[in-house]
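To start, the structure itself, in structure tokens.
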Amino acid sequence: MKRLIIPILVLVMFCSCESNDSKISGDLVNNPASATEGRNRKEPRIEFDVTEHNFGKMLQGEQVSYTYKFKNTGDAPLLIAAVEKTCGCTDIKFPQTPIKPGEGGSITISYNSEGHKGFQNRRVVVRANTNPAETVLKFKALVETVDRY
């Protein structure tokens, strides 16, 4: 009889106890991108005049630059964290300080065609405190080789 009492007590304890720990409270779920919260939250917006530029035909070895102009059309300061290039042939200059709402700025890319030939299609990725967090800027060129005869 003693052998049956202990297993029965253990079984009763596990089956009869319902723990509130296994339930998740709705208060723990927080989606900052939800429809109601997103409308009330202040956030910056980056709006470029253009996001693509065509340098056209150029000779191999030429260096060219283009400046992408933008404006913060949001209602909070815009902070550009990084502008990432996909090629060592590109140099980038961008603002390191916050851009206030309504103000503008620019990102200048310089492309060196040395060692390249044919159609070039490049991009840089602007990472900022915006939604979405990334904006892609593109540029292209047709690099022609110089005949040396």
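Among residues of region 83-96 being of a type in the set (Val, Ile, Thr) and either under 18 Å from the mean Cα position of the chain (by Cα) or at positive phi (or both), the one that is surrounded by the fewest Cβ atoms within 10 Å (Cβ to Cβ) is Thr86.
Yes/no per residue for (1) under 18 Å from Leu137 (Cβ atoms); (2) not aliphatic (A, V, I, L, M):
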| position | (1), (2) |
| --- | --- |
| Lys71 | yes, yes |
| Gly74 | no, yes |
| Glu84 | yes, yes |
| Gln96 | yes, yes |
| Ile109 | yes, no |
| Gly115 | no, yes |
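Looking at region 38-104, the strands (runs of 3 or more DSSP E) lying wholly inside it that each contain 2 or more residues that are of a type in the set (Val, Ile, Thr) sit at 63-72, 80-85, 90-93.
Pairs meeting the criteria (first residue in region 86-106 and touching a residue at least 24 places away in the same chain (Cβ under 8 Å) and over 18 Å from Asn129 (Cα atoms), second residue basic (Lys, Arg) and surrounded by 13 or more Cβ atoms within 10 Å (Cβ to Cβ), beta carbons under 7 Å, at least 6 apart or on different chains) are Thr86/Arg122; Thr86/Arg123; Cys87/Arg122; Thr90/Arg122; Ile92/Lys85.
Only one of the numbered conditions (1) touching a residue at least 12 places away in the same chain (Cβ under 8 Å); (2) surrounded by fewer than 16 Cβ atoms within 10 Å (Cβ to Cβ) is not met by Ile109, and that is (2).
Filtering region 112-142 to residues that are surrounded by 14 or more Cβ atoms within 10 Å (Cβ to Cβ), farther than 20 Å from Ile80 by Cβ, small (Gly, Ala, Ser) and touching a Leu at 6+ places or on another chain (Cβ under 8 Å) leaves only Ser113. For region 123-146, a residue qualifies if it is in a strand (DSSP E or B) and more than 16 Å from Ile107 (Cβ to Cβ), and the qualifying residues are Lys140, Ala141, Leu142, Val143, Glu144.
Readers should treat all values here as calculations from the given coordinates under stated rules, not as data from a laboratory. Keep in mind that what you see is a predicted model, and the values were worked out from it rather than measured. For neighbour counting, all protein chains shown are included, and Cβ atoms are generated from backbone atoms with ideal geometry for every residue, glycine included.
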